[in-house]
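Worksheet for the structure shown next.
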Amino acid sequence: MLKDVSFGQYYPVSSFVHRLDPRFKIVFLIAFIVAIFLAKEFLALGIAAALLLLAILFARIPAGKVLRSVRGVLFLVLFTAAINIFFHGGETVYWSYGILQVTKEGILFSAFLVIRLFLLVVCSSLLTYTTTPVSLTDGIESLLTPLKWVHFPVHELALIMSIALRFIPILMDETDRIIGAQKARGANLDSGSPAKRIRAIVPVLIPLLLSAFRRADELGDAMDARCYSGGKKRTKYKKLRFTWRDLIAFLLIAGLVAGIVVLRYFPVFPV
Amino acid sequence: MKAIEFRDVTFSYGEGAPAVNHLNFSAEEGEFVAVLGHNGSGKSTLARLADGLLTADGGEIRVFGNPVSEKTLSDIRKDVGIVFQNPDSQAVASLVEDDVAFGAENIGLPREEIGRRIGFALRAVGMEPYRTATISRLSGGQKQRVAIAGVLALKPRIMILDESTSMLDPRGRREIAEVVKRLHREEKITVLFITHFMEEALLADRAVVMNRGEIVMEGAPAEIFGRHEELLTYNLALPRIGVICKRLREGGIAAADTLGIEELAKEIAECVS
Ligand SMILES: Nc1ncnc2c1ncn2[C@@H]1O[C@H](COP(=O)(O)OP(=O)(O)OP(=O)(O)O)[C@@H](O)[C@H]1O
Ligand SMILES: [Mg+2]
């Protein structure tokens with residue numbers, strides 16, 4: 001049951017985007033989000049959408065997968081849009097009832113909002129589709145390296161993240177097993193009042209926690225036994241490298257993002 | 001030369017009876033020793049002491065002549081590798097090659113050397129085709145082979161397997177037994193094989209039996225298995241083949257205590273014909 005939750009939802013194909021440096025992809029995501037929030041007109045969003053479409057094509061991610069990532073937030077987005085359509089107000093009124101008012105401005109604004117949110121979601125999931133959790137943590141570790149100067153435990157943080165990612169499938173399996181065992185003993189986890197159900201979770205949670213602690217202990221020993229002694233003197237087998245691919249992608253994206261930002265201050269078709 | 005030597009070593013976890021009690025034990029370089037004993041007899045404590053994961057309360061532990069202490073710890077851990085019991089709580093990384101690299105990264109080897117060692121270690125355990133596989137999708141036996149590879153990447157001279165087969169199915173157990181036998185033969189690694197599957201002691205040159213933190217029996221595996229009554233007093237059941245030999249003798253067939261199935265079959269055939 002829980003196994004179906006594919007964490008990080010990495011989509012394993014070999015593509016131009018998959019091979020990009022994870023650091024670059026993370027920075028790009030941040031730049032993209034900032035640009036979208038700065039955007040003031042449809043032209044800017046259009047550029048962003050085209051950029052993203054291009055990235056999806058190059059990443060060889062099927063359209064269905066991309067749409068699936070949107071589905072999760074669909075309700076939230078449509079709800080926000082509905083509120084804005086009825087309450088935004090504006091000059092050109094199409095329909096009104098009491099304080100509810102559908103206006104041209106409201107419709108445009110809602111559409112703008114919906115597009116913006118969808119772009120955000122698609123861009124974030126593009127990152128997780130094309131980057132394994134491991135290289136994502138590697139990327140974050142590398143990007144945070146300057147913080148080592150202020151004695152921030154960057155290496156430890158990255159190690160914690162990657163161990164956590166590794167243990168997610170194991171703990172999910174374990175949860176399944178414990179639930180199965182409790183059900184076999186007659187525990188009722190799927191029905192009853194909310195209070196009852198919460199109480200029924202306790203016998204699942206406690207063994208899960210105990211086993212997680214035991215595992216942590218065992219893993220600690222296994223790490224010590226393999227000469228782990230913190231980040232000092234440690235070398236890395238996988239080095240992240242900025243290649244020509246990253247350079248091309250960088251130039252292209254930097255240009256377009258700059259375009260979006262420029263459009264904010266010198267709008268062509270303001271909303 | 002002695003690879004591992006325990007001299008009068010005592011250790012206890014807080015109050016209560018010591019988990020290891022005035023223990024004397026040694027293994028020669030290149031030897032393959034099986035350590036048997038029922039639950040709680042102190043086998044894991046022995047393994048942890050040998051690697052400096054625990055510090056003895058009294059006595060002395062030497063690895064290749066060097067006493068185990070805070071100062072020598074990092075060198076000792078390079079020499080002594082431990083493979084633990086649970087296939088799911090030893091790997092640090094998600095991918096096979098990243099996990100095998102972990103130990104080699106810890107001792108600060110250059111990148112190229114780490115790459116070579118990953119290749120060597122995965123070849124040695126027959127997991128080379130899985131170099132970029134995800135560990136959580138492997139079978140129990142494969143996970144334990146990856147754990148062995150992770151230890152091998154540090155090029156240890158001694159390898160301790162602490163019930164590393166106990167959570168595996170028969171096939172996984174066979175895989176591990178074969179890999180360890182090969183490593184012992186080809187890489188000349190000294191092996192301490194801790195197990196409660198009596199049959200697995202047959203892999204070893206010598207077997208020791210632990211009870212309440214002490215070594216109570218010692219000898220060639222076949223000889224130890226011959227001492228049925230004594231084994232029972234230490235809560236150890238005979239392996240099935242040992243039981244068969246015993247029954248045969250009771251039934252009047254002169255089957256010596258042998259442990260190889262082929263040998264036993266030959267003896268029975270001779271007696272019958
Ligand atoms: N972390 C601990 N804290 C307290 N007591 C412990 C701890 N680990 C082991 N012991 C106790 O020390 C004794 C020896 O334990 P040890 O784990 O060495 O036995 P073992 O032979 O490895 O057993 P098993 O076959 O169950 O693995 C046991 O009585 C056990 O209860
Ligand atoms: Mg044990």
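Here are a few things to note about the model shown:
- Meets criteria (within 16 Å of ligand 2 (Cβ to nearest atom), among the aliphatic types (A, V, I, L, M) and open to solvent by less than 40 Å² (accessible area, probe 1.4 Å)) for residue B:217: no
- Residue that is more than 28 Å from residue A:213 (Cβ to Cβ), out of contact with any His (no Cβ under 9 Å at 6 or more places or on another chain) and more than 16 Å from ligand 1 (Cβ to nearest atom), where the choices are B:105, B:97: B:97
- Any hit, the range B:256-265, residues being open to solvent by 50 Å² or more (accessible area, probe 1.4 Å) and under 30 Å from residue B:9 (Cβ atoms): no
- Leading residue by the ranking (nearest to ligand 2 (Cβ to nearest atom)) among those in the range B:158-174 that are surrounded by 20 or more Cβ atoms within 10 Å (Cβ to Cβ) and free of Cβ contacts under 8 Å to residues at least 60 places away in the same chain: B:165
Quick grid of which residues meet (1) outside any helix (DSSP H, G or I); (2) within 14 Å of chain B (Cβ to nearest Cβ); (3) surrounded by 18 or more Cβ atoms within 10 Å (Cβ to Cβ); (4) at negative phi:
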site: A:95; (1), (2), (3), (4): yes, no, no, yes
site: A:107; (1), (2), (3), (4): no, no, no, yes
site: A:115; (1), (2), (3), (4): no, no, yes, yes
site: A:160; (1), (2), (3), (4): no, yes, no, yes
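- Residue in the range B:133-141 that is more than 23 Å from the chain's Cα centre (by Cα) and assigned to a helix (DSSP H, G or I) present: yes
- Every residue from the range B:27-37 that is buried (at least 23 other Cβ atoms within 10 Å of the Cβ) and part of a loop (DSSP other than H, G, I, E, B): B:37
- If only residues of the range B:62-101 that are of a type in the set (S, T, N, Q) and within 16 Å of ligand 2 (Cβ to nearest atom) are counted, the one that is most open to solvent (accessible area, probe 1.4 Å) is B:85.
- Taken over the range A:10-24, the criterion of being open to solvent by less than 70 Å² (accessible area, probe 1.4 Å) and part of a helix (DSSP H, G or I) is satisfied by A:16, A:17, A:18, A:22, A:23, A:24.
- Breaking point among (1) in a loop (DSSP other than H, G, I, E, B); (2) away from ligand 1 (no atom under 16 Å from the Cβ); (3) crowded, with 19+ Cβ neighbours inside 10 Å, for residue B:145: (1)
The values are calculated or read from the model by the stated rules, or taken from the named source; none is laboratory data. Just so it is clear, the structure is predicted and the values come from calculations on it, not from any experiment. Please note: Cβ atoms are built from the backbone with ideal geometry, for glycine as well, and neighbour counts cover all protein chains shown. For accessibility, only protein heavy atoms count, side chains too; no ligands or nucleic acids. Shrake-Rupley method; radii C 1.70, N 1.55, O 1.52, S 1.80 Å.
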